[in-house]
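Report on one structure; see the data block that follows.
The values are calculated or read from the model by the stated rules, or taken from the named source; none is laboratory data. Computed from a predicted structure; not experimentally measured. Ideal geometry is used to build each Cβ from the backbone, glycine not excepted, and the neighbour counts take in all protein chains shown.
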Amino acid sequence: MFFCLSDRGTAAATLGIRRLFGTSAVAAEEPITPPVEVKHTQLLINGKFVDSASGKTFPTLDPRTGEVIAHVAEGEAEDINRAVIAARKAFDEGPWPKMSPYKRSMILYRFADLIEKHNDEIAALETWDNGKPYQQAVSVEIPMLARLIRYYAGKPSLPQKKETPYGVAGQIIPWNFPLLMFAWKVGPALACGNTIVLKTAEQTPLSALYVARLALEAGLPPGVLNVVSGFGPTAGASLATHMDVDKLAFTGSTDTGKIVLELAARSNLKPVTLELGGKSPFIVCEDADVDKAVEMAHFALFFNQGQCCCAGSRTFVHEKVYDEFLEKSKARALRRVVGDPFKKGVEQGPQIDEEQFNKIMHYIRSGLDSGATLEAGGDRFGTKGYYIQPTVFSDVKDDMLIAKDEIFGPVQSILKFKDLDEVVRRANATRYGLAAGIFTNNLDTANTLTRALRQGTIWINCFDVFDAAIPFGGFKMSGQGREKGIHSLRNYLQVKAVVTPLKNPAWL
C-alpha cells in the first residue's frame with residue numbers, strides 16, 4: 001500500500017460552490033460531533049496511565065472551533081525522568097531486548113491487528129485533534145500505520161551480526177502526522193529491541209496515547225513504551241539532555257532540530273536522527289501534460305492543509321506553459337472544498353492551531369507586500385476555527401519570503417523558469433533538501449533533474465508516494481539519517497566487534 005492521493009478532490013469538488021474571487025468551495029457550516037470518546041489523557045509510564053508528577057494538565061483544542069477537547073497531563077522533567085527510569089529498567093532487566101526476534105515480531109503483529117480493529121476510532125481521534133480530513137485518516141493514514149508496524153515486525157531477524165540495540169531511545173514527534181510519525185519512530189526502535197520514551201506534540205497528544213494502549217494490549221511488557229505529553233522547552237528539553245537516554249530521534253522544524261542536536265551533544269553525546277523542514281521544488285517542464293501537472297502540483301502543496309514537510313511549495317513552471325498552468329491552478333484552488341474534516345467530500349480542514357494560523361497569514365501578507373500577485377484565496381475561511389482559503393500567488397521571485405521560508409500552510413507560490421540549467425540552480429539555492437517533484441514526459445529531462453537536484457526524495461510524475469520500505473530523509477538542513485525501510489533499523493542498532501582467539505583452528 002502506497003501513501004498517495006493523487007486523484008483526491010475530483011469528486012469532492014463537485015460538492016462545492018464557486019464563490020467570489022479569492023475564495024474556495026464551501027462545505028459543512030456546523031461542526032460534526034466526532035464518533036469517538038477520549039479515554040486516555042494521562043501519561044503512559046511503566047505500563048500504566050498516570051497523572052503528571054505536578055498534577056498539571058493542559059488543554060488540547062479542536063482546530064475546527066478552538067474549543068477544548070480534553071485536558072491532558074502535562075509532563076515535565078520529573079515525568080521524563082520517571083519514564084526514562086522505567087525504560088532503562090525494562091531494557092536492562094526486562095524481557096524485551098532478550099526476547100527472540102520471533103517473539104518480538106509476534107507482539108508487533110498483534111499490535112498491528114489491534115490497530116486495524118480500531119481503525120475508525122483512531123482515525124476519528126486523529127481528525128478531531130489534528131483537523132485533517134477524516135477520509136484521509138481512515139482510508140490512508142491508519143492503514144499505513146498498521147502496515148508500518150507489520151513491516152518492522154518482519155525485520156527483527158535481520159540484525160544477526162553483532163549489532164545490538166542502543167538501549168533507551170528518546171523520540172520526539174510532530175503534530176502534522178501524529179500517528180505516522182509514531183510508527184516511523186516506534187516501529188524500528190521496538191523491532192531492534194530498544195525501549196522508548198516518546199514525547200508527543202502538545203497540539204496532538206490523544207491518538208498516540210490511544211495507540212500505545214493497544215501496544216500494551218498486544219503484549220508489550222511494561223516500561224518498553226512510555227508516552228509523555230508535554231511542551232518542548234520542558235519535557236522535550238529534558239528528554240534531549242537526559243544522561244540515561246542512549247539515542248534520540250526528532251521530527252520537526254529545522255530551527256528546533258538545531259536546539260535538539262545541541263542539547264544532545266551537551267549531555268551524553270547521544271546520537272541523534274533528525275527529520276526536519278523543507279521547501280521542496282515542484283518542476284513543471286515544457287513538455288508536461290498541463291492538466292495532470294496542475295492536479296499533481298495542487299496535491300503536492302495543499303495536501304494535509306499544506307502542513308507537510310515535503311510539500312511542493314515552490315512550483316517552478318516553464319515559461320511556455322506558465323500562463324495556462326497558472327489559470328488552471330487558480331481554478332483548481334477555487335474548487336477546493338474547505339470545511340469540517342468529518343464532512344464527506346471535504347479536501348481541506350483547519351490549520352492545527354491559532355499560532356500556525358497567524359504564521360500563515362503573516363506569510364500571505366508578506367507575499368502581497370513583496371509584490372507577488374494574489375490569484376486566489378489570501379484570507380481566512382469562515383468565522384470560526386483556524387481555516388484558511390487555498391491561496392495561490394503568481395509572479396513570485398526567489399528572494400521573497402514565500403519562496404524561501406517553510407510556510408507549512410495552503411499557500412502555493414508559482415515561479416517561472418526558462419531552461420533546465422536555470423531551474424536546477426534556483427531549485428538548489430535553499431538551505432533545505434528534503435524532496436522534489438518533476439513533471440515531464442522526457443526521460444532525458446527526468447534523468448538530468450534527478451541527478452542534479454540535491455534532495456533526499458525525488459518524485460517523477462507523482463508526489464507524496466510513501467511506503468514502509470522507501471527511505472525518507474533530507475540533504476543539507478533538512479535532517480540527518482533516514483526514516484523507514486532498512487535504513488531506519490540502522491538508527492537503532494550499534495555495531496559491536498567481538499574477537500575470540502581460536503584454539504587449534506582447522507584453517508585461518
Restricting to strands (runs of 3 or more DSSP E) lying wholly in segment 375-443: which have 2 or more residues that are under 21 Å from residue 276 (Cα atoms)? 411-417, 435-439
Do any residues in segment 435-457 that are without any contact (Cβ under 8 Å) to a residue 60 or more places away in the chain and surrounded by fewer than 22 Cβ atoms within 10 Å (Cβ to Cβ) have Cβ atoms under 8 Å from those of residues that are among the charged types (D, E, K, R) and in a helix (DSSP H, G or I), where the two are at least six apart or on different chains, and which pairs are they? 454/476
Of all residues in segment 45-67, which are within 22 Å of the chain's Cα centre (by Cα) and either within 20 Å of residue 220 (Cα to Cα) or among the β-branched types (Val, Ile, Thr) (or both)? 60
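Regarding segment 260-278, can at least one residue be identified that is closer than 20 Å to residue 491 by Cβ, β-branched (Val, Ile, Thr) and in a helix (DSSP H, G or I)? Give the steps one after another, and end with the answer.
As a first pass, look at segment 260-278 and keep what is closer than 20 Å to residue 491 by Cβ: 260-265, 267-278.
Still in the list and also β-branched (Val, Ile, Thr): 260, 272-273.
Narrowing further to those that are in a helix (DSSP H, G or I): 260.
Yes: segment 260-278 contains one or more residues that are closer than 20 Å to residue 491 by Cβ, β-branched (Val, Ile, Thr) and in a helix (DSSP H, G or I).
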Looking at the structure I just gave you, is residue 293 in a helix (DSSP H, G or I) and outside the structural domain of residue 62 (by TED's automatic domain parsing)? yes
Show the residue pairs meeting these rules: Cβ distance below 7 Å; 6+ apart or different chains; first residue within segment 483-507 and part of a strand (DSSP E or B); second residue among the hydrophobic types (A, V, I, L, M, F, W, C). 483/184; 483/472; 493/192
Restricting attention to segment 273-314, which residues are surrounded by fewer than 22 Cβ atoms within 10 Å (Cβ to Cβ) and in contact with a strand residue (DSSP E or B) (Cβ under 7 Å, 6 or more places away or on another chain)? 286
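Quick check, is residue 353 more than 30 Å from residue 139 (Cα to Cα) and among the charged types (D, E, K, R)? Quick ask: steps written out before the conclusion?
On the way: more than 30 Å from residue 139 (Cα to Cα): no; among the charged types (D, E, K, R): yes.
Answer is no for this residue.
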Among the residues that make up segment 444-467, is at least one of them over 25 Å from residue 286 (Cβ atoms), in a loop (DSSP other than H, G, I, E, B) and at pLDDT below 95? yes
What about residue 100, is it assigned by TED's automatic domain parsing to the domain that holds residue 125, surrounded by fewer than 17 Cβ atoms within 10 Å (Cβ to Cβ), small (Gly, Ala, Ser) and modelled with pLDDT under 95? yes
Scanning segment 200-252 for residues that are among the polar types (S, T, N, Q), under 23 Å from residue 88 (Cβ atoms) and touching a residue at least 60 places away in the same chain (Cβ under 8 Å) gives 226, 229, 234, 238
Inspect all residues belonging to segment 318-326 and state whether any of them is part of a helix (DSSP H, G or I), touching a Leu at 6+ places or on another chain (Cβ under 7 Å) and either surrounded by fewer than 18 Cβ atoms within 10 Å (Cβ to Cβ) or of a type in the set (Phe, Trp, Tyr) (or both). no
Any residue in segment 113-140 that is of a type in the set (Phe, Trp, Tyr) sitting within a Cβ distance under 8 Å of a residue that is part of a helix (DSSP H, G or I)? List the pairs, counting only those 6 or more apart or interchain. 128/206; 134/123; 134/124; 134/127
Residue 205 meets each of (1) surrounded by 24 or more Cβ atoms within 10 Å (Cβ to Cβ); (2) in contact with a helix residue (DSSP H, G or I) (Cβ under 7 Å, 6 or more places away or on another chain) with one exception, condition (2)
Could you say which residue among 185, 161, 199 is at pLDDT below 95 and charged (D, E, K, R)? 161
Anything in segment 343-355 that is surrounded by 24 or more Cβ atoms within 10 Å (Cβ to Cβ) and not aliphatic (A, V, I, L, M)? List them, or say none. 347, 348, 349, 350, 351
Can you report the number of residues in segment 99-109 which are touching a residue at least 60 places away in the same chain (Cβ under 8 Å) and more than 20 Å from residue 148 (Cβ to Cβ)? 1
